[in-house]
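S.K.: The structure is given below, and queries will be raised subsequently.
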Amino acid sequence: VTWTKDGRDITHNEHYMCQYSSGVCTMEVQSAQVSDTGTYTCIAVNELGTEETSSYVVVEDRAHEGVDLRKSAKSRSVRQTKSGYSSRYEDSSYNESSYSSSSKTSRSSRKYTEETVEESSYSSRRSDRKKREEPQEVAPEFTQNLSPEILREGDRLKLTCSVKGTPDPDVEWYFNGQLLKSDSHVKIRCIAGSCSLEISEVTVDDDGSYTCKAINSAGVASSKTSVQVTAKPQQKLADPPRFITHPLGLRLNDGDAATLECQISGSPEVKWYKGREQITDSEDFRYENDGDTYRLVIAEVFPEDSGMYKCVAENEAGTASSSFTVFVEVPEEPQSPQFNKFPQSRTVDEGSPFKATCALDDVETVMWTKDGREIEDTGRFNFSQDGNSFTFEIPAALATDSGVYCAKATSSKGKAEWQFTLDVRVSSSPCADIDVLQLIKSMQECCRCLGGNGWNMTAI
């Protein structure tokens with residue numbers, strides 16, 4: 001309930017005292033002033049509508065005593081309806097009253113009349129209206145329940161159900177009793193009573209009990225189901241590629257055909273390289289595969305085909321590679337030392353000896369390198385020379401000796417290189433197939449190199 005005067009809200013204070021109790025609305029003006037003259041309106045509002053009633057009030061100035069203030073005022077009752085406003089006005093007139101006054105001590109008496117203003121009356125007429133019926137509350141009820149699911153790890157999960165109720169129920173999802181919220185793994189939706197929970201790729205952690213709970217002011221309902229997620233069978237990883245035989249380095253004549261061949265286990269994908277550039281499978285360079293045997297067939301070699309080659313094998317378990325050299329001779333006078341004998345790529349067991357020998361037509365020095373670095377004479381390796389023949393030997397190969405080796409020859413004609421690969425195979429048993437006597441001999445030589453006589457465990 002609010003009160004207004006001439007359209008402006010009246011605030012409850014010492015001058016205007018507004019009260020509302022048990023349906024009775026009162027607004028009292030304390031010490032009325034002429035300025036309080038005006039139209040007063042009482043407005044009642046609730047969720048179903050608005051109704052108001054008005055009255056015009058005149059406050060007489062005492063200076064106007066004896067003056068005829070015949071005026072008429074109208075009171076108005078207004079009600080807001082769906083179609084607009086309805087109103088009724090009632091006349092409220094001033095009633096004239098006569099008063100006499102005399103004084104016993106006065107010589108004369110006089111009569112005068114005083115016009116008073118009868119308090120404006122007002123009435124309010126309420127029009128009939130239909131009360132809006134409150135909707136009847138209905139507890140939630142699932143019209144479609146959740147169904148159990150049996151899935152494999154990685155499958156898509158979608159649980160659906162339908163629920164109704166008045167008012168519309170709030171919906172919550174639970175997994176093994178824990179409240180679920182939408183996130184990057186779980187997507188939850190509920191539109192017009194149709195509810196769903198979706199997981200794009202389930203894991204074994206999503207196996208369990210799922211519950212959809214619907215709640216409104218009339219009650220609670222739940223639909224529960226189970227989801228079983230079976231783990232994917234563990235796939236046995238293939239063994240990493242392993243060179244059974246390595247491609248051999250070749251010395252060819254200009255115009256020759258050549259076949260580079262090797263055997264590799266592990267069913268890998270094989271690529272061939274010259275230097276750092278991959279060789280494309282074509283008519284000139286043809287890739288062939290027959291079981292574990294892989295070939296690069298060169299239709300015709302040219303001098304520019306000389307260089308370092310590499311075969312790279314790769315599968316999901318790992319990668320292996322083997323490097324080798326192809327040299328194409330030309331009839332004219334050679335401009336560099338020529339390898340008459342060259343080392344080949346090999347695979348040896350850990351602890352076994354390895355020897356690489358090369359021979360050249362004209363040579364002054366040969367430097368041996370591993371993975372691009374010169375091999376230092378630490379005593380674990382043997383270096384020897386017999387005329388134009390040079391030998392590099394590892395008495396007991398270790399796993400760390402695996403790599404790409406190169407013999408770099410220098411002579412008055414220039415320089416030449418020959419590249420090859422050593423693959424040291426590690427046995428399942430650390431001590432299997434190791435030549436113990438040879439290993440001890442190598443360790444003793446290492447001790448002597450470090451300045452000791454015989455065993456020096458600190459140096460070892």
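The values are calculated or read from the model by the stated rules, or taken from the named source; none is laboratory data. Source: prediction; values computed, not measured. Cβ placement follows ideal geometry from the backbone for every residue including glycine, while neighbour counts extend to all protein chains displayed.
S.K.: Please go through region 221-242 and give me each residue that is basic (Lys, Arg) and closer than 22 Å to ASP292 by Cβ, ordered by number.
M.R.: LYS236, ARG242 - these are the residues of region 221-242 that are basic (Lys, Arg) and closer than 22 Å to ASP292 by Cβ.
S.K.: I'm trying to understand the selection: among the residues of region 260-283, which are surrounded by fewer than 13 Cβ atoms within 10 Å (Cβ to Cβ) and more than 46 Å from the chain's Cα centre (by Cα)?
M.R.: GLU283
S.K.: A further question follows. Taking region 232-253 on its own, how many of its residues are in contact with a strand residue (DSSP E or B) (Cβ under 8 Å, 6 or more places away or on another chain) and over 19 Å from PHE342 (Cα atoms)?
M.R.: Adding up the residues that qualify gives 8.
S.K.: Whether any residue in region 337-353 is buried (at least 17 other Cβ atoms within 10 Å of the Cβ), more than 23 Å from ALA258 (Cα to Cα) and among the charged types (D, E, K, R) is what I want to check.
M.R.: Looking for residues that are buried (at least 17 other Cβ atoms within 10 Å of the Cβ), more than 23 Å from ALA258 (Cα to Cα) and among the charged types (D, E, K, R), one finds at least one in region 337-353, hence yes.
S.K.: Oh, and also: May I ask you to list pairs of residues, at least six apart or on different chains, whose Cβ atoms are under 7 Å apart, with the first in region 384-397 being surrounded by fewer than 17 Cβ atoms within 10 Å (Cβ to Cβ) and the second being small (Gly, Ala, Ser)?
M.R.: Every condition considered, the pairs that remain are SER389/ALA359.
S.K.: Being buried (at least 16 other Cβ atoms within 10 Å of the Cβ), within 38 Å of the chain's Cα centre (by Cα) and modelled with pLDDT under 95 narrows it down to one residue among PRO247, PRO233, PRO240; which is it? So that I can check it myself, show each step before the final result.
M.R.: Working: PRO247 fails: within 38 Å of the chain's Cα centre (by Cα); PRO233 fails: buried (at least 16 other Cβ atoms within 10 Å of the Cβ).
Being buried (at least 16 other Cβ atoms within 10 Å of the Cβ), within 38 Å of the chain's Cα centre (by Cα) and modelled with pLDDT under 95 holds for just one of PRO247, PRO233, PRO240, which is PRO240.
S.K.: Let me ask you something else. Do we have any residue at all in region 294-317 that's in the same structural domain as TRP418 (by TED's automatic domain parsing) and touching a His at 6+ places or on another chain (Cβ under 6 Å)?
M.R.: No, the conditions are met nowhere in region 294-317.
S.K.: Next question, about the same structure. Within region 1-39, which residues are under 19 Å from ARG62 (Cβ atoms) and either under 60 Å from the mean Cα position of the chain (by Cα) or exposed (fewer than 13 other Cβ atoms within 10 Å of the Cβ) (or both)?
M.R.: Of everything in region 1-39, those that are under 19 Å from ARG62 (Cβ atoms) and either under 60 Å from the mean Cα position of the chain (by Cα) or exposed (fewer than 13 other Cβ atoms within 10 Å of the Cβ) (or both) turn out to be GLN30, SER31, GLN33, VAL34, SER35.
S.K.: If a residue must be within 30 Å of ASP349 (Cα to Cα) and surrounded by 12 or more Cβ atoms within 10 Å (Cβ to Cβ), how many such residues does region 284-296 contain?
M.R.: Within region 284-296, residues that are within 30 Å of ASP349 (Cα to Cα) and surrounded by 12 or more Cβ atoms within 10 Å (Cβ to Cβ) number 8.
S.K.: I want to confirm something. Restricting to region 168-183 and keeping residues that are out of contact with any helix residue (DSSP H, G or I) (no Cβ under 9 Å at 6 or more places or on another chain) and of a type in the set (Phe, Trp, Tyr), which single residue is surrounded by the fewest Cβ atoms within 10 Å (Cβ to Cβ)? Walk me through how you get there before you give the answer.
M.R.: Within region 168-183, the first condition is being out of contact with any helix residue (DSSP H, G or I) (no Cβ under 9 Å at 6 or more places or on another chain), and the residues that meet it are 168-174, 176-183.
So of that shortlist, the ones also of a type in the set (Phe, Trp, Tyr) come out as 173-174.
On the way: TRP173: 21, TYR174: 15.
Going through the qualifying residues, I end up with TYR174.
S.K.: Residue check, ASP290 against (1) at negative phi; (2) touching a Lys or Arg at 6+ places or on another chain (Cβ under 9 Å), all met but one. Which one?
M.R.: Against the list (1) at negative phi; (2) touching a Lys or Arg at 6+ places or on another chain (Cβ under 9 Å), ASP290 comes up short only on (2).
S.K.: Yes or no: region 14-34 includes at least one residue that is assigned by TED's automatic domain parsing to the domain that holds VAL59, part of a helix (DSSP H, G or I) and in contact (Cβ under 8 Å) with a residue 12 or more places away in the chain.
M.R.: Yes, some residue in region 14-34 is assigned by TED's automatic domain parsing to the domain that holds VAL59, part of a helix (DSSP H, G or I) and in contact (Cβ under 8 Å) with a residue 12 or more places away in the chain.
S.K.: Here is a check on your reading of the model: is GLY165 of a type outside the set (Asp, Glu) and either modelled with pLDDT of 95 or more or surrounded by fewer than 16 Cβ atoms within 10 Å (Cβ to Cβ) (or both)?
M.R.: no
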